[in-house]
Every structure is written in structure tokens, then in C-alpha cells.
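Heads up, the thing below is written out as C-alpha cells.
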Amino acid sequence: MKHRIVVLGAGYAGAYVAGNLARRLSPADTEITVVNAEPDFVERLRLHQLAAGQEIEAQKLADVFAGTGIRLRLARVTAVDPERQVVAVAVADADGGGDGELGYDTLVYALGSHVADCGVPGVAEYAFHVTARPAALRLRERLNSLDSLDRRGEGGRVLVVGDGLTGIETATEFAESRPGLSVALIARGELGARLSAGARSHLRQACDRLGITVLEHTSVEAVQATRVLCADGTALASDATVWTAGFAVNPIAAASGLEVTENGQIVVDDTMRSVSHPNIYAAGDSAYAIGDNGRPLPMSCASAGSTGRQATDAIVARLTGRKIVTSKLDYPGNHISLGRRDGILQMVDDEAQAKPKYVGGRKAARIKSGILQISLWGISHPTFGLPKRKRRLATAPDASAEKALA
Ligand SMILES: Cc1cc2nc3c(=O)[nH]c(=O)nc-3n(C[C@H](O)[C@H](O)[C@H](O)COP(=O)(O)OP(=O)(O)OC[C@H]3O[C@@H](n4cnc5c(N)ncnc54)[C@H](O)[C@@H]3O)c2cc1C
């Protein structure tokens, strides 16, 4: 019987891992199945642009994996049972083969992350978000309806809660793409507190230029249908509240009995293998991986790449009886778009603190756009540049790889 590798999620991490495993392992010994809820590769990095009303061309996963031998199962993962080594799926598509279970020998968990309400009442009921495509499209519809609001020249009021990278990108994109709206950005502390002084001032100028109202030192305690309530007792009127203040991981990992952190990320070793379940790997936002600086890697596209690469290398090494090589796990910095013509590239040091220098303006916007294109190209060409020779499995893969490590 072939070794069954099941990859959960075909985002930046899962699509990379699946494609590269297919390239490196012999199909005579292995079968690789990818389970994803949506038929397209979702360019999550651009969901705020989609919500703003821009057209984002979607890549079909069937095309991405064509010719790789990977089986694509369009279904929603509902549970993982590590004792029986099966994944429960609910069908997302009439042609997907029905609800059921998929058995695995090696599992790669890469289901990404989603919005977290951080315990704030009303977020789930009333707030919009941009962490998934359906949600971004719902928000876009709402913005369309606000654009047509007749308020004697005053556009609809959009409150973006959270001045992390997603909040900053979302507020600036909306203000630039939809100048008729009145956009406010709510920051719990000083705006862009984690940026260098120069980048902070650049961000402030960009917000001024785009007409964004910045509300600093403001903590939102509740979201209601037409306003948010703040800790200092003020109520801010809002036609669309966009929650960008927190991300959490799908609760499936925790419910499966895997060792996870408080926010549901799977605790992995330096080969991205679950510390509690040795035939399960995690990559991307779902993985709690410690970087070379001793700190957890941030949820990011760069971390999806490095954790995905490491998981792939470790799986291939263990299955084929080769030495496991561990590679660099670092996080060089943040690339923040401020609309389509401005941006900030902020490098960070080994302690994850902003370095004094930053790149801003059109140059930063161009670099960011290049990064997005390269990431997408990498996903669409999963097998590019890798050796064509496919490895056969070792008879006792785990034993020989561990021996080589010792
Ligand atoms: C608006 C926005 C802008 C961002 N900008 C940046 C940026 O500029 N730079 C940066 O580094 N990071 C950015 N990020 C973060 C980045 O998108 C994530 O860190 C990255 O996508 C993580 O990759 P992943 O593979 O772990 O998850 P994802 O890319 O989210 O992929 C997860 C996949 O799993 C699928 N899935 C989820 N649940 C299920 C289920 N139950 N069953 C089946 N399939 C499922 C999803 O459909 C998806 O295909 C941004 C995020 C957002 C929301």
C-alpha cells in the first residue's frame, strides 16, 4: 500500500508543501491528497484590495496542481482523529465525493487562521473582516451600498478596528479606492507603535493625505449594529465596522487532542512536526514555530514559506531515510501597502524590533507588489526549480532518519 500524505489547506503553506512533496517523492510509493474548502487559491494578502472593490484574478487549484499527481478534494475539514489517523470532511462541492473520512499516514495541517473576536461582544454578529474571501466579498457589498448612501455629501462611515498590518493596509486601501467614504482607524496605543520613528511619521502623513481619521489610545469594548463602544465611554457611529484586531487558528487542532497554544496553534519542533503526534506536521499560521531568534514566528506569508519548506524537507528526509536538515527560520521585516502607490518596508532586528531605517513611498509599493507577484508565481508553479528525480521511500523511514540525525 502507498504511503498516504494528506495536506489540509491549500493556502500559501499547504499549496507549497503539497507541490514540493509531489515533486520530490516517487508516486510509486506515495499518494498525496490536498483538502481545501475553496476551488481557488485565495491570495489572502490581497483580500483587503478585494474588499475595497478591486478585481483579483483567482487561480484554480485544479490548474495549480495539474500534472503533479496530487489529488484535490474540495471539502471542508471538520475533524482530525489522530488515533485512527483519519480526517473527517464535509463536502463543499457536489462533485467532491461526498462527506466522509480520509485516512492518512502523514498529515500536514495548514488550515491557516481566521478572525478572532478577542472576547469583545458583538464582533461575531456585527463586524466585518477580511481574513477570508467570502467575508471580504460581504464587506465589499456593504461598501458598495454605503457608496450609494445619500448623506448630503457625507459618505458612509467605516471604522477599522486595529492598527496592526492588516488594519493599516485595510484603512489606507479603502480610503484611496473609495474616497467618498469616511474612514477611521482605531489604534489601542500610538499609531504604528511597532514601526521605527521615521516609518511611523510616514504612516501618519499617509493617513492625513488619504483623509483617514486616526483614533489613538482607544480600546473598543463592544461592537453594535451602528456603533462601537469604547473603554472611555465614547460611542463611535459606524456604518461598517471592520475588525482586524485579532487572528486565531481553527479549533480543529485543539479538539483533535494535538498539543496547541492558547490561540490554537499546533506546537511543533524545529522540523515542524507536532510535539504530541509525530506523524502530523503543521505549517503556516497554524504552526507555533520558534524562529532562530528564540521567538515565535509571526503569522505571515514569509513564515508560511519557511515553515512549509522545513516541513517538506523533514517529511522527505524521514520517509526516504535521509538526514534531516534544518534551515533558517527568521523573519526579516514587514511589507505594508498604503494603497496602491505608497507603502512601508520596515526591517526588524534579531529581537523583532524595528530597525531605524525603512523604505517608504512608491519604491516600497513597487517592492510589495513584486513580493505579491513572486508569492503567487511560486504557488502557481509548485514544482519549479526542484530536482526532477523522485525519491523512493525507505523501508523503515523514521528509524533511519533519526539514526542519521544522532
Ligand atoms: C488582508 C490580509 C493581508 C495580509 N497581508 C500580509 C502581508 O502583506 N504580508 C504577510 O506576510 N502576511 C500578510 N497576511 C497574512 C497572511 O495572509 C497569512 O499569514 C498567510 O496566508 C498564511 O498562510 P497559510 O497557508 O497558513 O494560510 P492561508 O493562506 O489562509 O491558507 C489556508 C487554506 O486553508 C483553507 N481552509 C481553512 N479552513 C479550512 C477547512 N476547515 N477545511 C478546508 N480548507 C480550509 C483555506 O480556504 C485556505 O485555502 C495578510 C492577511 C490578511 C487577511
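The values are calculated or read from the model by the stated rules, or taken from the named source; none is laboratory data. The structure displayed is predicted, hence computed values, not measured ones. No Cβ is skipped: glycine too gets one built from the backbone with ideal geometry, and neighbour counts run over all protein chains shown.
Quickly run through the range 68-90 and pick out the residues that are among the charged types (D, E, K, R) and either within 11 Å of the ligand (Cβ to nearest atom) or within 19 Å of Asp40 (Cα to Cα) (or both).
Selection gives Arg71, Arg73, Arg76.
Go through the range 33-58 and report how many residues are surrounded by fewer than 18 Cβ atoms within 10 Å (Cβ to Cβ) and either farther than 27 Å from Gly100 by Cβ or β-branched (Val, Ile, Thr) (or both).
Residues that pass the stated criteria total 5.
Test Asp269 against the criterion of being free of Cβ contacts under 8 Å to residues at least 24 places away in the same chain and of a type outside the set (Val, Ile, Thr), and give yes or no.
Spelling it out, Asp269 is indeed free of Cβ contacts under 8 Å to residues at least 24 places away in the same chain and of a type outside the set (Val, Ile, Thr).
Quick check on the range 36-59: of everything there that is more than 8 Å from the ligand (Cβ to nearest atom) and part of a loop (DSSP other than H, G, I, E, B), which residue is farthest from Leu146 (Cα to Cα)?
Pro39
Rundown of residues vs (1) away from the ligand (no atom under 16 Å from the Cβ); (2) under 19 Å from Arg46 (Cα atoms), yes/no style:
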residue: Asn293; (1), (2): yes, no
residue: Ser303; (1), (2): no, yes
residue: Thr312; (1), (2): no, no
residue: Lys323; (1), (2): yes, no
residue: Leu338; (1), (2): no, yes
residue: Met347; (1), (2): no, no
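Take the residues of the range 317-346 that are over 19 Å from Ala206 (Cβ atoms) and among the hydrophobic types (A, V, I, L, M, F, W, C): which is surrounded by the most Cβ atoms within 10 Å (Cβ to Cβ)?
Leu319
Please indicate, with yes or no, whether at least one residue in the range 222-241 is within 12 Å of the ligand (Cβ to nearest atom), polar (S, T, N, Q) and either closer than 30 Å to Gln85 by Cα or not assigned by TED's automatic domain parsing to the domain that holds Gly103 (or both).
no
In the range 8-35, what residues are part of a helix (DSSP H, G or I) and either among the aromatic types (Phe, Trp, Tyr) or away from the ligand (no atom under 16 Å from the Cβ) (or both)?
Tyr12, Tyr16, Ala22, Arg23, Arg24
Restricting the range 102-115 to residues that are small (Gly, Ala, Ser) and within 12 Å of the ligand (Cβ to nearest atom), which is farthest from Arg71 (Cα to Cα)?
Of everything passing the filter in the range 102-115, Ser113 is farthest from Arg71 (Cα to Cα).
Where in the range 118-205 are there helices (runs of 4 or more DSSP H), lying fully within it, with 3 or more residues that are β-branched (Val, Ile, Thr) and within 16 Å of the ligand (Cβ to nearest atom)?
165-177
Quick one: which of Gly246, Gly264 is at pLDDT below 95 and touching an Asp or Glu at 6+ places or on another chain (Cβ under 8 Å)?
Going through Gly246, Gly264 in turn, just one is at pLDDT below 95 and touching an Asp or Glu at 6+ places or on another chain (Cβ under 8 Å): Gly246.
Please find, within the range 283-307, the residue that is surrounded by the most Cβ atoms within 10 Å (Cβ to Cβ) out of those that are hydrophobic (A, V, I, L, M, F, W, C) and out of contact with any helix residue (DSSP H, G or I) (no Cβ under 8 Å at 6 or more places or on another chain).
So, considering only residues that are hydrophobic (A, V, I, L, M, F, W, C) and out of contact with any helix residue (DSSP H, G or I) (no Cβ under 8 Å at 6 or more places or on another chain), the one surrounded by the most Cβ atoms within 10 Å (Cβ to Cβ) is Ala302.
Which count do you get for residues in the range 272-305 that are in contact (Cβ under 8 Å) with a residue 24 or more places away in the chain, in a loop (DSSP other than H, G, I, E, B) and within 22 Å of Asp81 (Cα to Cα)?
Total satisfying the criteria: 5.
Could you name every one of the strands (runs of 3 or more DSSP E) located completely within the range 215-269 that has at least 2 residues being surrounded by fewer than 21 Cβ atoms within 10 Å (Cβ to Cβ) and more than 21 Å from the chain's Cα centre (by Cα)?
220-223, 227-230, 235-237
Based on what the data block shows, is Gly198 modelled with pLDDT of 95 or more and surrounded by fewer than 17 Cβ atoms within 10 Å (Cβ to Cβ)?
yes
Take Val115 and tell me if it is surrounded by 21 or more Cβ atoms within 10 Å (Cβ to Cβ), at pLDDT below 95 and touching a Pro at 6+ places or on another chain (Cβ under 8 Å).
So Val115 fails the test.
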